[in-house]
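What follows is a set of notes on a single structure, which appears directly below.
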Amino acid sequence: MYHGAQDGWVEVISGVMFSGKSEELLRRVRRALIARKRVQVFKSHLDDRYAGVFTISSHDGSRIDAHPVSSSVQIAEFVQPDTQVVAIDEAPFLDDGVVTVVNDLADRGVRVIVAGTDMDFRGEPFGPLPKLLAIAEKVDKLHAICVVCGDLATRNQRLIDGKPAPAEGPTIQVGGAERYEARCRKCHQVPHLDRDQTELDIDDAPVSA
Ligand code: ADP
Ligand code: ZN
């Protein structure tokens, strides 16, 4: 890479859901294994989308499993002293302490690859991701395709029964295609319960009522 072998650094793979962040994280991990680096992969325990699937095998037969963690402290505990590359998927679900953990690892000479969506479903900065973007040496922002209009998607559209979810919902709600869509800025909708409830009610009401 662009740093010397002993130097640590932080790289962030960010962007909307379905933009290929996990694919890109896996690609980088696979290549680090080919380079015979000692790699450890972590992911939030909240995300069980690929429970048991996130196992990477390299051609020389080495295998690596993503270690589920519930807090940033656990990452610090589980990282072995001789680990050279640490990959963390779904970082927004972790606590703010992940910023310090990641910085400390990089200071120790570890290459840290962090992936996660940078905005919540409202389009606001999500968890520790904005801070990670700020401290990273390298940032990639990936895009998906807006499922409404086909433009580049940058926003996470949360849906409830196929309709835009209100802003008042919980920030963290793990889900896949049944609950989220990738959309562009124009097609992204975040109704407010107070202001838009009447409109929502009218939409939901039977036409003949
Ligand atoms: P992320 O980790 O960013 O959520 P993944 O790596 O899990 O993304 O998945 C990326 C894959 O999702 C793409 O390669 C593509 O096959 C699929 N996909 C589904 N919906 C979309 C979309 N709207 N735009 C782009 N890719 C999509
Ligand atoms: Zn669109």
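Any read-out appearing in this document is the output of simple, stated calculations on the displayed coordinates, not a laboratory observation. This structure is a prediction, so every number in the text was calculated from the model and none was measured. Positions of Cβ are backbone-derived with ideal geometry, glycine not excepted, and every protein chain shown enters the neighbour counts.
Numerical summary
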| item | result |
| --- | --- |
| Highest to lowest packing among 66-72, 167-173, 13-19, 127-133, scored as the average C-beta count within 10 Å | 13-19, 127-133, 66-72, 167-173 |
| Cβ-based net charge around GLY8, under 13 Å, with every Lys or Arg adding one and every Asp or Glu removing one | -1 |
| Rounded D (µm²/s) - the range 9-142, Kirkwood Rh over Cα pairs, Stokes-Einstein at 20 °C, 1.002 mPa s | 146 µm²/s |
| q = 0.11, 0.12, 0.20, 0.22 Å⁻¹, the range 84-203: log10 I(q)/I(0) [Debye, one scatterer per Cα] | -0.45, -0.52, -1.10, -1.24 |
| Sites GLN189 and ARG31, calculated FRET efficiency, Cβ-Cβ separation with R0 30 Å, nearest 0.05 | 0.20 |
| Backbone N within the range 151-179 under 13 Å of label point (7 Å from GLU124 Cα along the Cβ vector) | 167-172 |
| Additional length obtainable on full extension of the chain from GLN80 to ALA134, 0.36 nm per residue less Cα span | 16.8 nm |
| Positive minus negative residues near HIS67 (Lys, Arg vs Asp, Glu; Cβ under 11 Å) | -2 |
